[in-house]
1. Can you compute the FRET efficiency between Arg318 and Glu166 using 1/(1 + (r/R0)^6), with r the Cβ-Cβ distance and R0 = 35 Å? Round to the nearest 0.05.
2. Ignoring everything except DSSP H segments at least 4 long, calculate the 222 nm mean residue ellipticity for the chain; use -39,500 (n - 2.57) per segment, divide by total residues, nearest 500.
3. Could you tell me the largest-minus-smallest coordinate of the C-alpha atoms of region 28-125 on each of the three principal axes, in descending order and whole angstroms?
4. Taking H as built 1.01 Å from N, whose amide H comes closer than 5 Å to the amide H of Leu55, not counting residues under 5 places away?
5. What is the set of long-range amide H partners of Glu140 at a cut-off below 5 Å, with H atoms built 1.01 Å from backbone N?
6. Name the residues whose placed amide hydrogens come within less than 5 Å of the amide hydrogen of Ser304, ignoring near sequence neighbours (fewer than 5 apart) on the same chain.
7. Hey, how much of the P(r) for region 83-226 falls beyond 21 Å, as a percent of Cα pairs?
8. Express in % the proportion of alpha carbon pairs of the chain at distances exceeding 38 Å.
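Just so it is clear, none of the values below were taken in a lab; they were calculated from the coordinates. As the structure is a computational prediction, the values presented were derived from the model and not from experiment. Reconstructed Cβ throughout: ideal geometry from the backbone, glycine too, with neighbour counts over all protein chains shown.
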Amino acid sequence: MNKNALITGITGQDGAYLAKLLLDKGYTVYGLMARRGSDGLWRLRELGVENEVSLIDGDLMDVTSLIRAMETSKASEVYNLGAQSFVGTSWTQPVLTAQVTGVGAVNVLEAVRIVNPEARFYQASTSEMFGLIQAERQDESTPFYPRSPYGVAKLMAHWATVNYRESFGLHASSGILFNHESPLRGPEFVTRKVALAVARIKLGLQKELRLGNIDAKRDWGFAGDYVEAMWAMLQQEQADDYVIATGVTTTVRDMCEIAFSHVGLNYKDHVVIDPEFFRPAEVDVLLGNPGKAERKLGWKPHTSLNELIAMMVDADMRRLGGAPE
């Protein structure tokens, strides 16, 4: 492709998969790296691309560093994946979430507008913006009703993207991504929490898994599939917003059953409901309609939930030194 891309949040799950995808397509990939003192590169290392990306020091809250990152990378495509992205944490750190997830996106948009308004911009929006759902299946026309500080902050970033597209003519698109998981997911997210616990229980390292509302329903897909949609959006002649989802919803309970069954266990013997994990305002059901993405981007998910959960459990078994089933 001989293009340059800049990814904020490159050390996260989506950033790592997107970096690999773009490298495979011949891009020169730059990533914004906030120095936090911990090993943030393990995901890039696990995908074998740690040494193939160029990291630039910067922070979403420092617009001058974003301007320098744009100048250094000479990016023609900018993917803003950086955020405080855990819904649970947004309740205890709402101001930080608003600043990093909401204002941070505006800072990136400003850097693009100032340095290279011809660059194409992708904003990582989220199904959490739908929150208290206003339609049985959520698509691009469904009204938003966020139910967490995270959802509110993401909604600000989403509308800022629309505003910069309409006000300044930027090629700025948003992907309204429903839950997407992988072996690179952080253990604070429920799918990885379950996968890791299943592996540990199978290997005799723990006995129970404590969860909150296991009857909540989510539309879960594989992050490796979803980054293909991000790239496809920036290849379109016109910028737009797209729901990216599988169109299938599953309860946390059923997801647990799939994960435990994969290693020959019954989830009922190990899952404990703990009120501590219930949220102040719960999102009970999310179910996306990816019809527009299928029609306009030619995108469809390739990985089933059973395949995804098996992949995650097997990866944690390997990390813990046990052979996957």
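1. 0.15
2. -11500 deg cm²/dmol
3. So the three principal-axis extents are 37, 33, 22 Å.
4. Counting only residues 5 or more places away or on other chains, the set is Gly31.
5. For Glu140, whose amide H was placed from the backbone, the distant partners under 5 Å are Val243.
6. none
7. On the way: 5339 of 10296 pairs.
In whole percent, the long-distance tail amounts to 52.
8. 11
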